[in-house]
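Just below is one structure, and these are the notes that go with it.
The values are calculated or read from the model by the stated rules, or taken from the named source; none is laboratory data. Being a predicted model, the structure only gives us computed values, none of them experimental. Here the Cβ positions follow ideal geometry from the backbone for every residue, glycine too, while neighbour counts run over all protein chains shown. Please note that ligands, DNA and RNA were not included when accessible areas were found on the heavy atoms of the full protein model with its side chains. Shrake-Rupley method; radii C 1.70, N 1.55, O 1.52, S 1.80 Å.
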Amino acid sequence: MKTFNYHSPKETKEATKLASSNSVFLAGGMTTIPSMKLGLASYKDVINIKGIKKLSGIKVSGKTLKIGATTKHAEVAQSKEVKKSIPSLAALAEGIGDPQVRNRGTIGGSIANNDPAADYPSACIALNATIHTDRRKIDADKFFRGMFETCLKTGEIIESIEFEIPAKSNYQKFPNPASRYAIVGVYVAKHKGGVNVAVTGAKSCAYNDKDLSSALTKNFSSSAVQNVRVSPSGMNSDIHASAEYRANMVKVFAKKAVEAC
Amino acid sequence: MASLVGSRVERKEDKKLLTGRGKYTADVNFVNQAYAYFVRSPHARAEIKKVDISKASKASGVVAVLTGADISNDKIGGLIAGWRIKSEDGSDMKVPAHPPLASETVNYVGDHVAVVIADSLDEARNAAELVKVDYKVLKAVVSTQDAMNSDQIYKDIPKNLCFDWLLGDRAKVKEAFDKADKVIKIDLINNRLIPNAMEPRAANADYNPSTEEITLYTTSQNPHLARIIISAFNGVAPENKLRVIAPDVGGGFGSKIYPYAEEVVCSWAAKKIERPVKWVADRTESFLSDCHGRDHVTHAELAVKNDGTFLGFKNETIANIGAYASVFATVTPTYLFGPCATGVYKMPAAYSNVKAVFTNTAPVDAYRGAGRPEATYTIETLVEKAARELGMDPAEIRMKNFPTQFPYQQTLVHSVDSGDYVTGLNKAMEVGDYKGFEKRKKESASRGKLRGIGLCSYFEACGIAPSPVVMMLGCGIGLWESAEVRFNPTGNVTVFTGSHSHGQGHDTTFAQIAADQLGVPIENIEISHGDTDKGPFGYGTYGSRSLTVGGTAIVKACDKIIAKGKRVAAKMLEANVDDVEFSNGEFVVAKSNKKKTIGEIAFACYLPGTYGEVKSPLPEGEEPGLKETSFFDPANFSFPAGSHICEVEVDPETGETKVVKYTAIDDFGTIINPLVVEGQVHGGLAQGIGQALYENCHYDESGQLVTASYMDYTMPRADNFPDFDLGFTCTPATSNPLGTKGCGEAGAIAAPPAVMNAVMNAIGTEISMPATAEKVWKACNENKKTNSEAA
Ligand SMILES: Cc1cc2nc3c(=O)[nH]c(=O)nc-3n(C[C@H](O)[C@H](O)[C@H](O)COP(=O)(O)OP(=O)(O)OC[C@H]3O[C@@H](n4cnc5c(N)ncnc54)[C@H](O)[C@@H]3O)c2cc1C
């Protein structure tokens, strides 16, 4: 690992001031530290944001559930508020990585990183989330831009993620047998305004499958899924799963999610 | 005292290992030690044009940057192939030079080019980035199947062919096939695996310039072999000036039997810079540079009569041995594979023909089972296919062809001293409720799942090995084993073994044996191994040999102790030696109450005198002390065998396959400690099921290792396995006094065919290992298509 300056600010403002194009925020460090150790990334400044109190916590207010950016996966998985308001989100968090990862990794880090196979991005899209940063509010469907790419600007800090509480929802993950990240993960959420089917793992970035969403908005049943064609074009293809297989699994896991709703 | 042999004594070593108090090579540190970091080839095949170390040499903390030119200037020898194989045409195998640091060409991704030694690991790693290597990249040879028709890697090795070996009689096989009612054919790939020991390889070499001695701590299954190779072949230091210590070692599975380039380089470099040099592999280096396992492409045929009787067997295999011929790379696909390929059956005619090829991939060597899993997979999937094609029950066809008289001389090589395959399979069918399968299948179907059942009856040649036999076949070493039993003056005992424990539980099992033999409580017995300066030369642990060969050496050494004890007791008790009997730790004069405990005898041997008078308890001419050594060379291999039955459930929607029931009935001869044996079987099954369903080493066309981390290489985890139902039958081995046969590899040998036969039974199609979800899903879809077309 290359040497770097370590900072531990207590306020968001201080953190953003320290940030530059050659810095990184340290939340759970579950992505950042391994990539620094492997020499894939190096930074001049590492800014630990876990000391900023207002970035963590879970709160339900009316129709939304708000989770602070540095809240750990294990906290989301065990939270009574989450289990009660959006049980599928608690279940999703429980299925991330292993106990070590869940007790370190954070929701803010996960969505800022935007791994194509990460679980949380699908939740944000399916649950019409609003990403609150130190300077603006961003709709989830605009936030995720591509592989490991979001619309965050240099030094912009995610403060919290606000989810719309759905009428029904379920997340089904088909884990990669090696990494246990999602080969595909399908998040189905039924809101007053319609159904969202958000898919992760299948393409370079999580997305809302419009065809599945509209089919399920019309008819919320697994047979409705059966009649939708999911195209393999643009889907990931690797040693674990071809594009064709992924496309089929999107349907299989969408059906499972609808049936489990 | 009750016998400890056969009892579930808890492992003595676990307290230390489970509480983090083990001492591994990475835990060893010397004052003033420097750290090595290897510059490795990023290309699968290239010529080295130039290595520029000028910048790296000047970087912060750097002590030395050493290259292939330095190692050849110092006349350090290359790594060796330890077993000479002759081709069918009588010619010797062809092997390329394998310098510890390359100077002309690199031949796989991870091949060693230079080493940077610095005051800290970070400095060594950072400076390694400054070593500029100018490569001319060449087209890599990657595919096992196509290696012989690809570019030639080494000037003197046409067709990339190491050898083309034959065992058996082609003419007799042809005759048998001419008489057959039916010939069953199969094409198989035995997938390449990466061993993944929990502890990565490591070395820490300390050089003392005053005594000119090197002490090398290393992750080895076989420190004596490491010493003799690094001395006699690499020429780093004479044997008496090289001490090799393999302290606690966290698994090996074959990949740590022999020394690698890193140990040679660290020892040599320590001497050169007169500082200790430490190297610990990171996980990526383990994936890239530990020797891999398996990697066969096989075409096999079985000639049968309509009633299921086997008449003959052909096995045509291409074995990929990677870029260089590693120490056991040439024996693994020949003598460990070929003779076992006829399985547990009467096979009147047979041959195994193996072509070993070089490719631009990491060297391939012995991996848990070494040749025998490949052999068993071949014959057991072939037999299952024969049953399918003849419309016979897979158990029935096996039963029909089992030999029932032992000793049984097989057609190819082995004379199997004992066994009872019929009882084993019957017991497996009973314990595994073979009859109840159809009912379970229906229940699975009601949940939308396809259930399949698969059998495997296996044998293996273990207890490796009778030295004159293996040396006649080309082995460069003997394979006997040693033991020294040393009584301490106060009556407790230290037993030195030339074998090595890296998970097998020697500290417990070997102590049980010594406790029984000597009548000394197990708490008073310590097992010592892994240090060439302690105890006699030995050959280490692999090939399920430790107990059968090394354990027997302990028994023989104990016999000598007891013989001496009798002589001393006779003198002390004023009796005739022939009247002294030994049992339960006591020497007793027959028909009397005169006796001495073995502790008293030990004490007398070490303190042979009496206060106030000149009087020795030792008979005239008897030396003081109580310590005996034995070297045991077995007369034959041992032959564990068994039958396993696996049931899987396939989800046709996703192709996911789960092992839902697994029954293993094994005949390991006498069992010393069932707890240890069950642990060995569990571990072996995990690796065998891993090979069948999950693990696969994947190189892309350019020779880059795609599965170079746990993100892509599927190591199985606990949730991939059901509870295993284990059981045993016992026909004691006759080639050693304990009657033991070996148990370390059985699971990894039997599981792949048992699992794959179950998968194929579930989906009704042949597929290759590993049966990953997508492959199985595709096969299910193909079936659906053909079924609907047929309808
Ligand atoms: C073994 C393993 C298994 C895993 N399995 C899964 C899995 O199954 N599913 C899954 O979804 N994930 C998985 N992960 C990823 C894990 O869940 C983490 O969420 C993820 O690594 C990033 O979170 P972090 O808190 O560790 O972020 P860090 O590593 O600390 O940071 C990651 C990036 O996010 C930025 N960042 C962090 N916080 C903020 C913020 N508040 N505002 C702006 N930018 C920020 C940082 O600058 C950095 O670029 C796994 C990780 C490991 C190591």
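Of all residues in the stretch A:233-261, those satisfying the criterion of being open to solvent by less than 40 Å² (accessible area, probe 1.4 Å) and facing chain B (nearest Cβ under 8 Å) are A:His240, A:Ala241, A:Ser242, A:Tyr245, A:Met249, A:Val252. Within the stretch B:537-593, count every residue that is of a type in the set (Ser, Thr, Tyr) and either free of Cβ contacts under 8 Å to residues at least 12 places away in the same chain or more than 30 Å from B:Phe639 (Cβ to Cβ) (or both). Final tally of qualifying residues: 2. Taking the listed residues B:Ala69, B:Ala59, the one that is modelled with pLDDT of 95 or more and either open to solvent by less than 40 Å² (accessible area, probe 1.4 Å) or not assigned by TED's automatic domain parsing to the domain that holds B:Pro99 (or both) is B:Ala59, with no other qualifying. Residues in the stretch B:704-720 that are touching a Phe, Trp or Tyr at 6+ places or on another chain (Cβ under 7 Å) and more than 10 Å from chain A (Cβ to nearest Cβ): 2 in all. The strands (runs of 3 or more DSSP E) located wholly in the stretch B:97-170 that include 2 or more residues which are surrounded by 16 or more Cβ atoms within 10 Å (Cβ to Cβ), modelled with pLDDT of 95 or more and among the hydrophobic types (A, V, I, L, M, F, W, C) occupy B:112-118, B:161-168.
Any chance the stretch B:676-689 includes a residue that's under 24 Å from B:Ser457 (Cβ atoms) and within 14 Å of chain A (Cβ to nearest Cβ)? Taking every residue of the stretch B:676-689 in turn, at least one turns out to be under 24 Å from B:Ser457 (Cβ atoms) and within 14 Å of chain A (Cβ to nearest Cβ). Among the criteria (1) open to solvent by 10 Å² or more (accessible area, probe 1.4 Å); (2) part of a loop (DSSP other than H, G, I, E, B); (3) touching a residue at least 60 places away in the same chain (Cβ under 8 Å), the one B:Glu396 does not fulfil is (2). When A:Pro175 is tested against (1) within 17 Å of A:Ser88 (Cα to Cα); (2) crowded, with 22+ Cβ neighbours inside 10 Å; (3) within 13 Å of chain B (Cβ to nearest Cβ), only condition (2) is not met. Take A:Ser42 and tell me if it is within 25 Å of A:Phe144 (Cα to Cα), touching a residue at least 40 places away in the same chain (Cβ under 8 Å) and either open to solvent by 60 Å² or more (accessible area, probe 1.4 Å) or among the charged types (D, E, K, R) (or both). Answer is yes for this residue.
Here is a yes/no grid of residues against (1) away from the ligand (no atom under 11 Å from the Cβ); (2) part of a loop (DSSP other than H, G, I, E, B); (3) within 19 Å of the chain's Cα centre (by Cα):
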residue	(1), (2), (3)
A:Ser20	yes, yes, no
A:Gly29	no, yes, yes
A:Met36	no, no, no
A:Gly39	yes, yes, no
A:Tyr43	no, yes, no
A:Ile47	no, no, no
A:Lys59	yes, no, yes
A:Ile67	yes, no, yes
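Among the residues of the stretch A:106-147, those identified as assigned to a helix (DSSP H, G or I), within 12 Å of the ligand (Cβ to nearest atom) and of a type outside the set (Ser, Thr, Tyr) are A:Ile107, A:Gly108, A:Gly109, A:Ile111, A:Ala112, A:Asn113, A:Pro121, A:Ala123, A:Cys124, A:Phe143. Being away from every other protein chain (no Cβ under 11 Å), part of a loop (DSSP other than H, G, I, E, B), small (Gly, Ala, Ser) and open to solvent by 20 Å² or more (accessible area, probe 1.4 Å) is not true of A:Ser214. Of the residues making up the stretch B:258-280, not one is in a loop (DSSP other than H, G, I, E, B), among the acidic types (Asp, Glu) and within 28 Å of the chain's Cα centre (by Cα). Pairs meeting the criteria (first residue in the stretch A:173-186 and of a type in the set (D, E, K, R), second residue within 11 Å of the ligand (Cβ to nearest atom), beta carbons under 6 Å, at least 6 apart or on different chains) are A:Lys173/A:Gly95; A:Lys173/A:Ala182; A:Lys173/A:Gly185. Using the structure shown, decide if B:Leu693 is open to solvent by 40 Å² or more (accessible area, probe 1.4 Å), modelled with pLDDT of 95 or more and part of a helix (DSSP H, G or I). Taking the combined requirement at face value, the residue does not satisfy it. Here B:Arg192 fits the description: closer than 22 Å to B:Ala771 by Cα, open to solvent by less than 60 Å² (accessible area, probe 1.4 Å) and not polar (S, T, N, Q). In the condition set (1) touching a helix residue (DSSP H, G or I) at 6+ places or on another chain (Cβ under 7 Å); (2) within 11 Å of the ligand (Cβ to nearest atom), A:Asn176 is compliant with all but (1).
From the list B:Val137, B:Val142, which residue is of a type in the set (Val, Ile, Thr) and closer than 16 Å to B:Ser103 by Cα? Give the derivation first.
Values: B:Val142 fails: closer than 16 Å to B:Ser103 by Cα.
From the options B:Val137, B:Val142, the qualifying one is B:Val137.
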